[in-house]
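Asks: Can you read through this structure? Questions will come right after.
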Number of protein chains: 2
Amino acid sequence: MSRLFEEFQQYLKKMNQYNHVCTLLYWDMKTCTPRLGQEGHVEALTHFSSEHFAMSTAPELGRMLDELAGLAESDQLSDTWKFIVRRMKRDFDRDKRIPPQLYRTFVQAQAEAGNAWVEARKASDFSMFAPHLQKMIDLTREMTGYTDPEKEVYDALLDQYEEGMDSAAIDGLFEELKKELIPFVKEILGKQKPENEAFTQYFDPDAQKRAQDLLLDYIGFRREAGSTGESEHPFTLNFSSKDVRLTNHYFENDPLSAIFSAIHEGGHAIFEQNVNPEYDNTVAGSCCYMGLHESQSRFYENILGRNKNFWIPIYEKLGEILPPFREISPDDFYREINHVKNSLIRVNADEVTYCFHIILRYEIEKAIFRDRLPVDELPALWNRKMQEYLQIAPRDDAEGILQDMHWSDGYFGYFPSYLLGSIYDGMFLDAMKEELGDVDELLREGKIREITGWLNEKIHRYGSTRRPKEAVMAVCKKEISAGPLIRYFKEKYTQIYGL
Amino acid sequence: MSRLFEEFQQYLKKMNQYNHVCTLLYWDMKTCTPRLGQEGHVEALTHFSSEHFAMSTAPELGRMLDELAGLAESDQLSDTWKFIVRRMKRDFDRDKRIPPQLYRTFVQAQAEAGNAWVEARKASDFSMFAPHLQKMIDLTREMTGYTDPEKEVYDALLDQYEEGMDSAAIDGLFEELKKELIPFVKEILGKQKPENEAFTQYFDPDAQKRAQDLLLDYIGFRREAGSTGESEHPFTLNFSSKDVRLTNHYFENDPLSAIFSAIHEGGHAIFEQNVNPEYDNTVAGSCCYMGLHESQSRFYENILGRNKNFWIPIYEKLGEILPPFREISPDDFYREINHVKNSLIRVNADEVTYCFHIILRYEIEKAIFRDRLPVDELPALWNRKMQEYLQIAPRDDAEGILQDMHWSDGYFGYFPSYLLGSIYDGMFLDAMKEELGDVDELLREGKIREITGWLNEKIHRYGSTRRPKEAVMAVCKKEISAGPLIRYFKEKYTQIYGL
């Protein structure tokens, strides 16, 4: 057994080297690579991810996993290693059915679509991106035909991002949200106040970067195990719990975008930094469930970051870094960061209407994969649904269907994760209040590290070893439901808007 | 032949992928990797550079090179491919003698020494770095025993950085400089003016970054093929002519450091961006001669950047970005950037006393490799030579022997390149004046791109295909001599200091 184990760990280590450089190539392409250098990086990424893929589907690995699965059955492995073997065997069995050439084509198309999306978004021209999108859809469909032949395509995709979830379960949760929130949002919008122009004045991008540093340090992002960059669209990635990176994008006339992206990505990063370091470089480390991951970024961004008490200990410091905030009262700030409005851009949406941005994307993804709607009809569908849920329509593709990078990466089925995350958050907040007491008071007193500590202990340290349903059950002792999130929205916004 | 050629090019392409990720790992470690993440990068770098090394010493490559060398002899290859085959065969014959385990040890020690140097410099404690330095010296000596068994160790190292150079030639050039410049500098120092405190006030580091952007754009660094970062010590590297990166380091109370580092690294970067793109991903692309490379960075930094006329078209813009410069007259600025003083830090030295900083390091390297001086005696030797050449001594190791990263990287024999570069520059300036006319006038009129164009045409586009001696002969029609540099110094500083 020790020989097998040693051989297996050597194999994992080598596979991990390939994964390591692929992660780095991706990071660098998004943060640092000049336009003419992208091609060289794409070539290297294609090469090394193909090598990684070949190792992850090699018969040699299959043999080791079979032997290890036998040991797991006879209870000769720790729970962690049982998980690692089960998960790797599941992935192995799926991936080995993918033709290597298809995988290579997918990776190359992914990189090219990523670049095409950046250019198309700049030009606000969906037609520049459409053929790449079609290719990503076709390749994704073809892939799931190999990986999950027994599943309906879109359910297979959902399960890839949030193991154990399918469209039946999500339909139930999202329909409940629509039923409760569509009338509630209309009620709020009836009480709409005029825009506060203080938030569209000039905010120095370099100072916004320093404000990000303040916020990240405050919530508990550890610098010795993390760094930051700039990219078109904010994201977080990690090499291990010891090296977690996040990016941001700074807009001169919109400080709240970078501030809330910083808190959001900071939430992802704090999750990854606090996974049990013994899981590093295995499938147990790094949370692979996107809904559960988003629950943490969105807990920081919304539940904490849009709570007035979060800002009490740091609002003055924020004003020192970004002087225009000195002229904005904490009350006006609080009102603006919870300003419910029918807006176009998902990442800038308030936490309530955000639900519709996700439901719209979820329904479009179902239309793509279930109804095979042609890509050139997608912008019109997008615009119709925006009208239906938020009574507005984008003026151009950049503020409509081109606003997100996800589809260019082939991340179909990812969007629902954001809203699943918020649904879990409603439940986590209830559990936290029961165990830590008054969360508002903790925030007011600057004791946010106690909250971070609770999340570390209850959620983060487990990494991928508990599936989302299991994690929610372990923390909340309840099945997943949208009720707590709806209650949270109604209590908070009834008070803010005096409904 | 076409089958051989195709096979060879496939092989080069794959080798290049390994080189590509090693370059990227190095870039990221210096610019972006958090402290705890360094270890993971070191592991990956060790793995991939060992793979690259294995490919570059494989019998399969040897066989192809032998066949190609045969074709070259019978004149069936282009001049470029003749060069590529000759250079690769030279490297192959040397490298194949290095035991793979030694190579692996070297790469790992290099990465560890790099990190140790950063920490030792922060703590200003040479003893933290000494064992790593000793290890790098021992490993370097061991390596040259394999690569250049017929050569004296230090001559082998010099030849690695500047093919065709040895200590006999360099002794001749440097002794002439010492003979002429020691009395000349004493004469200048006799006319010393008091420090201008305007240059030690606060200069916003973010604005210094924007000043770098101004300067790089001005001299002709192309953004579509380049990007920038921040690191402990400025450097330039490249993946190909299409992706050239440079870094800088910003000091709040010393704007001239970042300004001249930007122009210096910009000169390196412009060289690499303008190598014939057909040479990309071969040994012909990317200039591998460090003296020739430094001649270009130092031509921009000193010959152009420390010329008063360089600043005439952009001094006002510089003041818009860095407002303290509005209160400093162009005359005071010019005087400060050519302020000859006996200072401690090489990278901040004026162009005249800089020569002594290099001569000192050259002599210490000879003491290490020729006289086997123990590392713990090096700080004292450093300090004695500083006294001898510049009549000052460092107060601590950080401003003495720990100031440069080179030795931590195992770059022994590199330092003379800087001064060789300046020696070539004296000659290149003479040739440029003959062909382009009045260089001062071109600068004054903002026509620096004509100068960049001349350098592109005469030097850059050749990449590595001409060795330094050949390049100097082709451009200047003369053998290498220190005379033109000495004349340039005497004319310029006699005028500035009214000698």
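Laboratory data are not the source of any read-out in this text; all were calculated from the coordinates shown. Bear in mind that the values here come from a model prediction, so they are computed numbers and not experimental data. Don't worry about glycine lacking a Cβ; one is built from the backbone with ideal geometry, like all the others, and counts go over all protein chains shown.
Asks: Mind jotting down a quarter of the surface of the convex hull over the alpha carbons of region A:2-161, in square nanometres, one decimal?
Replies: For region A:2-161, averaging the hull's shadow over all directions gives 11.0 nm².
Asks: Non-local amide H neighbours of residue B:204 (under 5 Å, H modeled in plane, Pro and chain starts lacking H): which ones?
Replies: Those lying under 5 Å, H to H, from residue B:204: there are none.
Asks: If you put a point 7 Å past Cα along the Cβ direction, how far is that point for residue B:194 from the same point in each other copy, in nm, smallest first?
Replies: Here residue B:194 shows inter-copy label distances of 5.8 nm.
Asks: Given H placed 1.01 Å from N in the peptide plane, which residues other than close sequence neighbours of residue A:245 have an amide H under 5 Å from its amide H?
Replies: A:227, A:237, A:238, A:239
Asks: Now for a separate question. Taking 0.36 nm per residue of sequence separation and subtracting the Cα-Cα distance, how much length would be gained by fully extending the chain between residue A:316 and residue A:193, in nm to one decimal?
Replies: Gain in length upon complete extension: 41.7 nm.
Asks: Let me confirm the definition first: pairs of Lys residues in region A:338-481, 8 or more apart or on different chains, C-alpha distance under 21 Å. How many are there?
Replies: Final tally of qualifying lysine pairs is 13.
Asks: Now, a different point. For a Förster distance of 25 Å, can you work out the FRET efficiency between the beta-carbons of residue A:13 and residue B:396, rounded to the nearest 0.05?
Replies: My answer for the efficiency is 0.05.
Asks: Dipole of region B:338-446, Cα-centred, from +1 at each Lys and Arg C-beta and -1 at each Asp and Glu C-beta, to the nearest 20 debye?
Replies: My answer is approximately 560 debye.
Asks: Can you pull out the GluC sites (Glu not before Pro) in region B:70-161 that DSSP calls coil and that have at most 13 other Cβ atoms within 10 Å?
Replies: Passing both the DSSP loop test and the Cβ count: B:150.
Asks: For residue A:253, go 7 angstrom from Cα along the Cα-to-Cβ vector, then report the distances to that same point in the other copies in nm, smallest first.
Replies: 4.1
Asks: Using +1 at the Cβ of each Lys and Arg and -1 at the Cβ of each Asp and Glu in chain B, identify which of B:319, B:115, B:436 lies farthest towards the dipole's positive end.
Replies: Among B:319, B:115, B:436, the one farthest towards the positive end of the dipole of chain B is B:436.
Asks: Would you mind calculating the relative contact order of chain A from Cα pairs under 8 angstrom and at least 6 residues apart, reporting the percent as a whole number?
Replies: With pairs under 8 Å counted, the relative contact order is 18 percent.
Asks: I'd like the orientation of helix A:416-436 relative to chain A: the angle between its Cα long axis and the longest Cα principal axis, in ° from 0 to 90, rounded to 10.
Replies: Its long axis makes an angle of about 70 degrees.
Asks: In debye, nearest 20: dipole of the protein assembly as shown around its Cα centre with unit charges on the Cβ of K, R (+) and D, E (-)?
Replies: Around 280 debye, computed over the protein assembly as shown.
Asks: Same structure, new question: With only alpha-carbon pairs counted, each pair once and no self-pairs, how large is the Kirkwood hydrodynamic radius of region A:167-497 in angstroms?
Replies: Answer for region A:167-497: a Kirkwood hydrodynamic radius of 20.4 Å.
Asks: Relative contact order (percent) for region A:202-323, with alpha-carbon contacts under 8 angstrom and 6 or more residues of separation?
Replies: Across region A:202-323, relative contact order equals 27 percent.
Asks: Also, I was wondering about something else. Going 7 Å from the Cα of residue B:76 toward and past its Cβ, which residues in region B:1-40 have a backbone nitrogen under 16 Å from where you end up?
Replies: In region B:1-40, the label zone of residue B:76 (backbone N under 16 Å from the point 7 Å along Cα→Cβ) covers B:1-9.
Asks: Given label points at 7 Å from Cα along Cα→Cβ, what nm distances, shortest first, separate residue A:67 from the same residue in every other copy?
Replies: Relative to the other copies, residue A:67 has label-point distances of 3.9 nm.
Asks: Starting from the Cα of residue B:242, draw a straight line to each of the lysines and keep only those under 17 Å, dropping any in the same chain fewer than 8 residues away.
Replies: The qualifying lysines are A:30, B:13.
Asks: Along the charge dipole of chain B, Cβ charges K/R +1 and D/E -1, which of B:456, B:131, B:290 sits furthest on the positive end?
Replies: Going by the charge dipole, the pick is B:456.
Asks: In addition: Along the positive direction of the dipole of the protein assembly as shown (beta-carbon charges: Lys, Arg +1; Asp, Glu -1; about the Cα centre), which of A:480, A:190, B:279 reaches farthest?
Replies: B:279
Asks: May I ask you to sort B:51, A:491, A:272 by Cβ crowding, counting other Cβ atoms within 10 Å and putting the fewest first?
Replies: Ascending number of Cβ neighbours within 10 Å: A:491, B:51, A:272.
Asks: Given charges of +1 on the Cβ of Lys and Arg and -1 on the Cβ of Asp and Glu, with all other atoms neutral, how large is the dipole of region B:2-161 about its Cα centre, in debye to the nearest 20?
Replies: Roughly 300 debye for region B:2-161.
Asks: Helix B:378-390 versus the longest principal axis of chain B: what angle, 0 to 90°, nearest 10, using Cα atoms?
Replies: 40
Asks: According to the Kirkwood expression over distinct Cα-Cα pairs, how big is the hydrodynamic radius of the protein assembly as shown, in Å?
Replies: 31.4
Asks: From the Cα gyration tensor of region B:150-303, with a ≥ b ≥ c the square roots of its eigenvalues, which class applies: rounded if a/c is under 1.5, or else prolate if a/b is larger than b/c, or else oblate?
Replies: It comes out oblate by the Cα gyration axes.
Asks: If we count other beta carbons within 10 Å of each Cβ, what is the order of A:472, A:439, A:21, fewest first?
Replies: Arranged by neighbour count, lowest to highest, A:472, A:439, A:21 become A:439, A:472, A:21.
Asks: Could I ask something else about it? What is the spin-label model distance, in nm, from residue A:201 to residue B:138 if the labels are put 7 Å beyond Cα along the C-beta direction?
Replies: 6.4
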